[in-house]
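The values are calculated or read from the model by the stated rules, or taken from the named source; none is laboratory data. On a predicted model such as this, the values are computed, not experimentally measured, just so you know. Here the Cβ positions follow ideal geometry from the backbone for every residue, glycine too, while neighbour counts run over all protein chains shown.
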Amino acid sequence: MIKININKKLHGSNGNMNLDINLNIKENDFVSLSGESGSGKTTLLRILAGLETSTGTIQIGNEIWQDEKTCLATQKRKIGFVFQDYALFPNMSVEENLLFVKNDKELAKHLLEITQLANLSKRLPNTLSGGQKQRVSLCRALMNKPKLLLMDEPLSALDPTMRTKLQNEILALHKEFGTTTIMVSHDPSEIYRLSNRVIVLDHGQIINDGNAKDVLLKTTGSQKFSFEGELLDIIKVDVVYIAIVSIGQQLVEVVVSSEEVKDLKIGSQVSISTKAFNPTIIH
Amino acid sequence: MIDMLQNIEFAPFILSFKLAGLTTIILFMISLPLSWYLSQTKSKIKPVLEAITALPIVLPPSVLGFYILVVLSQNSPVGSFFEDVFDIKLVFNFTGLVVASCFYSLPFMVQPLQSGFESINKNMLEASYVAGKGKIETIFKVALPNIKPALLTAIIVTFAHTVGEFGVVLMVGGSIPNETKVASVAIYEMVEIMDYTGAHIYSAIMVLISFIVLLSVYIFNHKQKKSFI
């Protein structure tokens with residue numbers, strides 16, 4: 001069990017705020033931290049890593065990382081940290097980046113094999129693609145078999161296909177190592193796929209805490225599909241028109257009548273919704 | 001012509017390079033922790049330290065030389081302490097020159113190193129701390145290998161600048177052959193006694209060496225930058 005009860009005054013871009021977190025996390029959990037930028041997510045990660053100071057207590061199992069008297073140095077906390085910008089050491093090869101953390105060649109080889117990087121082990125980071133770099137960064141974070149893995153928007157700089165691929169690898173690594181993980185993420189599908197618990201922060205406070213489905217599905221109970229998208233094109237087919245709309249990363253075709261076409265402008269934001277098939281009456 | 005070249009006294013050059021070499025080594029050891037501290041600190045005394053470090057750039061060498069002379073002479077507490085305890089004289093000898101050069105060339109070592117350290121991605125250093133590595137290991141294994149151009153600039157410019165110093169050396173060391181008479185002082189003396197041939201040869205050697213050194217630095221840095229893109 002990880003017990004976090006911390007407090008820190010922040011002077012952010014949104015003015016002063018008080019980061020006040022009281023949180024218990026079960027071992028082997030995969031927790032996503034969500035919330036608007038400036039809500040204190042990254043600061044919370046950095047406090048857990050010992051990279052920033054705060055008041056309060058942090059306890060991991062029987063080990064106290066921080067209380068009124070002590071504050072364990074980052075070096076002694078046994079954590080893994082995956083940075084948004086990878087933060088690999090450019091002067092070391094992929095393999096050396098891993099071995100720098102711990103000189104365990106077997107583990108390094110194993111991690112590189114899981115992430116399909118084995119044949120790149122002698123390459124320098126600057127010669128790798130973004131996705132490859134982030135995989136190296138992930139492997140490096142797991143090299144000292146951390147008690148807590150912290151990831152700060154690890155996949156936000158990657159394209160959607162690469163994201164999905166890396167999500168699978170993160171999932172595989174989490175299954176194998178069972179490392180308690182806290183990940184900052186904005187991507188609902190990523191949060192849904194990876195985590196079993198979602199915590200939403202706002203102005204330094206926890207405003208929502210639960211499993212991914214409860215927290216993320218905003219339309220629960222409304223009996224209505226509704227998607228926001230961009231109108232890309234309108235094609236005339238016989239007597240009707242087909243509107244092509246981009247929703248998220250998908251293109252969707254919607255049939256529209258000649259009457260409706262008049263009000264539509266290509267490039268504008270549109271909302272596509274289906275009315276409920278089974279109307280419910282609420283008293 | 002050959003006769004002239006054979007008659008050249010190379011001692012002043014050897015002295016200049018010996019002085020520059022020693023100064024560079026000592027300054028590197030002093031500047032490494034200082035520039036690291038300056039690059040990482042958020043303390044309010046940072047600008048004060050930066051201003052003090054940069055003073056030798058703007059002060060006339062005579063001012064610097066005068067104060068060093070005052071502080072290190074046998075009549076001052078510092079000078080007499082060194083003489084009584086270590087039996088070392090600090091003025092008008094080679095030791096004094098090294099001490100004076102360390103003050104004079106300090107900014108040329110500290111500033112490139114500091115800006116090199118400041119240019120390093122902070123996350124990279126933090127990744128090293130998270131990996132359990134202390135500050136010293138992080139500096140030598142992560143920070144320094146990734147600022148090679150700045151490191152080389154600091155070392156070479158410090159060396160070249162020390163070879164080129166004149167005012168401070170003259171004030172603190174005088175012109176004792178084989179002890180404090182470095183190349184720049186030797187050229188000054190040749191001009192004074194109107195030995196223009198000698199002055200020409202010495203000056204040409206200085207220009208040539210300085211140019212070759214600077215050219216190598218720029219070529220190296222150019223290549224480094226390319227390889228990091």
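Below, the figures for the structure above:
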{"read-out": "Test set (1) more than 14 Å from chain A (Cβ to nearest Cβ); (2) over 30 Å from residue B:73 (Cα atoms); (3) within 20 Å of the chain's Cα centre (by Cα); (4) surrounded by fewer than 19 Cβ atoms within 10 Å (Cβ to Cβ) - residue B:179 fails condition number", "value": "(2)"}
{"read-out": "Within segment A:117-212, helices (runs of 4 or more DSSP H) holding 1 or more residues that are among the acidic types (Asp, Glu)", "value": "A:160-177, A:188-194"}
{"read-out": "Residue identified as farther than 30 Å from residue A:78 by Cβ, among the aliphatic types (A, V, I, L, M), surrounded by 12 or more Cβ atoms within 10 Å (Cβ to Cβ) and more than 14 Å from chain B (Cβ to nearest Cβ) among A:199, A:242", "value": "A:242"}
{"read-out": "Boolean, residue A:51 is at pLDDT 90 or above and either out of contact with any helix residue (DSSP H, G or I) (no Cβ under 8 Å at 6 or more places or on another chain) or assigned to a loop (DSSP other than H, G, I, E, B) (or both)", "value": "yes"}
{"read-out": "Residue that is surrounded by the fewest Cβ atoms within 10 Å (Cβ to Cβ) [pool: residues in segment A:63-109 that are more than 14 Å from chain B (Cβ to nearest Cβ) and touching a helix residue (DSSP H, G or I) at 6+ places or on another chain (Cβ under 9 Å)]", "value": "A:105"}
{"read-out": "Unique match (being in a helix (DSSP H, G or I) and either away from chain A (no Cβ under 14 Å) or surrounded by fewer than 22 Cβ atoms within 10 Å (Cβ to Cβ) (or both)) among B:157, B:142", "value": "B:157"}
{"read-out": "Residue check for residue A:161: away from every other protein chain (no Cβ under 14 Å), polar (S, T, N, Q), closer than 30 Å to residue A:249 by Cα and surrounded by 17 or more Cβ atoms within 10 Å (Cβ to Cβ)", "value": "no"}
{"read-out": "Single condition residue A:132 does not satisfy, out of (1) closer than 30 Å to residue A:2 by Cβ; (2) in contact (Cβ under 8 Å) with a residue 12 or more places away in the chain", "value": "(1)"}
{"read-out": "For residue A:58: the one exception among (1) more than 8 Å from chain B (Cβ to nearest Cβ); (2) of a type in the set (A, V, I, L, M); (3) in contact (Cβ under 8 Å) with a residue 60 or more places away in the chain", "value": "(3)"}
{"read-out": "Test for residue B:223: is it charged (D, E, K, R) and either part of a helix (DSSP H, G or I) or at pLDDT 90 or above (or both)", "value": "yes"}
